[in-house]
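Throughout, read-outs are computed from the coordinates displayed, never taken from laboratory work. Small disclaimer: the values here were computed from a predicted structure and weren't measured. Methodologically, a virtual Cβ is constructed for each residue, glycine included, from the backbone with ideal geometry; neighbour enumeration extends over all protein chains shown.
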Amino acid sequence: MKKIYHQGFSLIEIMVGSIVILLASSFLLYGISQPVQSSIDIRLKQEALEELIKFTNEQKSLVSISEEGSTQGIETRNINIGSNNHIDATLFLDITCNYTGQYSKYCNIKTWIEWNNPQYQGEHDRLDFEVNQMVIN
């Protein structure tokens, strides 16, 4: 009897090979997408931090030059952050001032920024600052 040798792969071998390649590529794509999303989140937080620092310094200077004191209570300001300014963020300000003497006052300035996290729908990210300032007239 003559032995017959087939050249090529059987259907089962091709299917197993395809499944192995598919799993390996999906793990690779998942492994690449996580660091990319993390770097986007880090850049977004960095930009939010820069905006918050500018806003806080602006409010500190307004408190220091104000004769009557800055507005008491919570104030808000809407800004856009992100690489294409596509994420809405809100800056918050809460100032409380107490007169400590005839010529001085002590102010507590709380500022924070909130924005929607594009990765997790419906969740807000937040950064806070709190500074104290003594103003001498």
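Of note:
- Of the residues T90, T100, T76, the one that moves most in a GNM of the chain with alpha-carbon contacts below 10 Å is T100.
- With the simple spin-label model, which puts each label point 7 Å out from Cα in the Cβ direction, the Q37 to N98 separation comes to 4.6 nm.
- Taking L93, L22 and counting other C-beta atoms within 10 Å, the order from fewest to most: L22, L93
- Longest segment of the chain lacking trypsin sites (Lys or Arg not before Pro) that sit in a DSSP loop with at most 14 other Cβ atoms within 10 Å: 4-137
- Inter-site label distance for L22 and I136 at 7 Å from Cα along Cβ, in nm: 7.6
- Percentage, to the nearest whole number, of Cα pairs in the chain over 25 Å apart: 54
- When only the Cβ of Lys, Arg, Asp and Glu is charged (+1, +1, -1, -1), the dipole of the chain relative to its Cα centre reaches about 820 debye.
- Loop-resident sites, the stretch 1-43, for chymotrypsin sites (Phe, Trp or Tyr not before Pro), counting at most 11 other Cβ within 10 Å (DSSP): Y5, F9
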